[in-house]
Amino acid sequence: MFRKGGDAINRQSHQNNVIVKLENINKEYDQEVLRVDNLELQKGLIYGIIGPSGAGKSTLLRIINLLTPPSQGVYYFHGQPVSKGSRELTNLQRKMGLVFQKTLLFSDSVWNNVAYGLRARGYNREEVNERVDSLLDQVGLRDLAKRRADTLSGGEAQRVAIARSVAFDPELLLLDEPTANLDPLNIELIEEMIATLNREKDITVVIVTHNVFQARRIADQVIFIEKGRIVEMGSAEKIFTNPEHEKTRLYVEGKVIS
């Protein structure tokens, strides 16, 4: 229902436009928690990251967002290496929207929450008004524009958070379990919203989810992580119908991985 299927894969093949590339990346705390030999994220696709709890999914997302520096390796943005102490980190992060599982909104109106990032970036009043109204229409919350954000339901709040994150047209939208603990209606609304934003604005989306059915519904490419390693990456159809690795097959079938 939501996935773009063959059109997106064809676009990937002829554009070959890599936004983010991770090369020989690892992250260590007391021990190694993530190792990525090579990962490329192409413009305009939806990537679903799946795997057991503690596999390293959120760590990978935070590295992509430049919130967490890798212990080793090279991060490329549009082909240019990004160093740990680079002054450009903040500018690069401004090209990304990030939404966590637990929604963090200001104690202000829905409208002002969505407008905040635009005002901070210097958009003029007319453009702020136009963008915010349009986004609230897209997420079905125009009638709640004046409502205080801290009175919203979980699903409504998450839709506001996503609208705020894409208000400034980021190249990447990163989502960490955005529909966890939501009711089926809000899950469907958010999935439709993600698909629409991806299709209409050509935003590359990376979504971490425990819901393998969600990944199958909306992702063009699926990344399966287990014990800090990318076990397999491929089209959603391939991962869910003909995976190469036994661990992948067991996970998508809901079975225990030994």
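The numbers here are math on the coordinates, done by the rules we state, and not lab data. The structure presented is a predicted model; accordingly, all values stated were derived computationally and were not measured. Note that we place each Cβ from the backbone using ideal geometry, even for glycine, and neighbour counts take in every protein chain shown.
Under the criterion of Cα pairs below 8 Å and six or more residues apart, the relative contact order for the range 32-99 equals 21 percent. In percent, rounded to a whole number, the relative contact order of the range 73-221 is 27, using alpha-carbon pairs under 8 Å and six or more apart. Beta bridges per DSSP, both residues in the chain: antiparallel share near 55 percent. Indicate the gyration tensor shape class of the range 110-216 (rounded, prolate or oblate), computed on the Cα atoms with a ≥ b ≥ c the square roots of the eigenvalues: a/c under 1.5 is rounded; otherwise a/b larger than b/c is prolate and the rest oblate. Taking the square roots of the gyration eigenvalues as a ≥ b ≥ c, the range 110-216 is oblate.
For the chain, a Gaussian network of Cα nodes joined below 10 Å ranks GLN80, GLN221, GLN42 by mean-square fluctuation, and the top entry is GLN80. Structure note, pairs LYS102/LYS201; LYS43/LYS238; LYS57/LYS102; LYS27/LYS84: Cα-Cα distances above 18 angstrom occur for LYS102/LYS201; LYS43/LYS238.
Size descriptors for the range 52-95 (Cα atoms only): Rg and Dmax, in that order, 11.2, 35 Å. For the chain, the longest principal axis of the alpha carbon atoms and the long axis of helix 154-166 meet at an angle near 90°.
Computed over the range 64-143, the Cα gyration tensor eigenvalues convert (square root of 5λ each) into semi-axes of 31, 15, 11 Å, ordered from largest to smallest.
Between the helical axis of 6-15 and the longest alpha-carbon principal axis of the chain there is an angle of about 80 degrees. Note on ARG199/ILE257: beta-carbon distance plugged into 1/(1 + (r/R0)^6) with R0 of 30 Å gives a FRET efficiency of 0.35.
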